Structures are given as C-alpha cells and as structure tokens.
Amino acid sequence: MAAAITKATPEKLNGLMEEMANVLQENQDAMEKRFTGWTNLQDTIARKYMAIEFRRAGYIRYDLFEKSLGNEKAVDVKLATDLIKLKDIYDIAVIVSGDQDYVPAVETIKDFGKRTVNIAFQTENGHLLPGGAKRLNEITDWSVQIKYSDLKLYLGL
C-alpha cells in the first residue's frame, strides 16, 4: 500500500486516506483500552500518594498498513531529562521501565545523591520485559518486578 500512495492521483489518495481513517476508527477501542489501563493505574496511585507524580510523554505509533500498535517514541529522552532537571524536588526516583537506555541518567542522578527504584514487568514465562530491565535493575538501588498475572489484574485485562 505504501507504494500505491506515492503513485496515487489526488482522487485515489483521498480514497486511501478515507480507508486509513476507517482503520483507525475500527481500532480505536483497542488503542483506548491499552492507554486507559495504564492511565487508571497511574491515577489511582497518584490519588493515594500525593507525593507521587506521573509524567506522561511521547507517543505510540500505529501502523496503518500492518494494523498494529508500534513502540513508544520520545519517552526515553523526556524521562532522562526530567530525572536530571527535576533532581532538586525529589529524594527517590521511581522508574517504571525495562529500558536500559535509562542507565546513564540513573548513574547521573545517583552522582547527585539520589536514590532510585526501578519497576519492571515479567512476561507470562517470568522473563523480564524487555530484556534491558536486568541492566536497569542492577544499576538502581532497588527493583520491583511485577508478575504478568498481577499486571493483567491491575490493568483490568
């Protein structure tokens, strides 16, 4: 379909755009469910513990051709920047990730005397998701691993 777009007439392009918009509409419930679970979990924690603030950043791609959700983008840099920029307003940084890209930022804030916690998720088979969580868990002061079954329960799936 990508090749068809580059060679399309304006009329054909309008038809393709309508088709893509329809695919998005058809998949809206699945996309909203994915985000609503996380948002509800974060909001519940933030209401219960006033000292906890969640910062949402980035976006998740949707591949119209494959009809699938992709990876998050622009989250790593935002979190790393906030960890360093906001270092004077927190004592303990809690990172909810398995991405080893955060290791340099964690090392930097630890140089400022901050303590760190990482929360990582396990797959159904008990492996860390994604694979980089092991390195991040090693560099943080504490780590919490959430089982797949517990995560499904928290997210209401």
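The values are calculated or read from the model by the stated rules, or taken from the named source; none is laboratory data. For clarity, every value in this text was computed on a predicted model and none was experimentally measured. Positions of Cβ are backbone-derived with ideal geometry, glycine not excepted, and every protein chain shown enters the neighbour counts.
Summary of values
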| item | result |
| --- | --- |
| Yes/no for S149 being surrounded by 16 or more Cβ atoms within 10 Å (Cβ to Cβ) and either under 24 Å from T39 (Cβ atoms) or assigned by TED's automatic domain parsing to the domain that holds N40 (or both) | no |
| Looking only at the range 53-69, and only at residues there that are under 18 Å from K85 (Cβ atoms) and modelled with pLDDT of 70 or more, the one that is farthest from the chain's Cα centre (by Cα) | E53 |
| Pick from the range 36-52, criterion surrounded by fewer than 12 Cβ atoms within 10 Å (Cβ to Cβ) and either of a type in the set (A, V, I, L, M, F, W, C) or more than 21 Å from L83 (Cα to Cα) (or both), ranking: modelled with the lowest pLDDT | A51 |
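Okay, residues lined up against (1) touching a strand residue (DSSP E or B) at 6+ places or on another chain (Cβ under 9 Å); (2) within 30 Å of Q28 (Cβ to Cβ); (3) at pLDDT below 90; (4) in a strand (DSSP E or B):
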| residue | (1), (2), (3), (4) |
| --- | --- |
| N71 | yes, yes, yes, yes |
| K78 | no, yes, yes, no |
| V94 | yes, no, yes, yes |
| V106 | yes, no, no, no |
| K110 | yes, no, no, no |
| V117 | yes, no, no, yes |
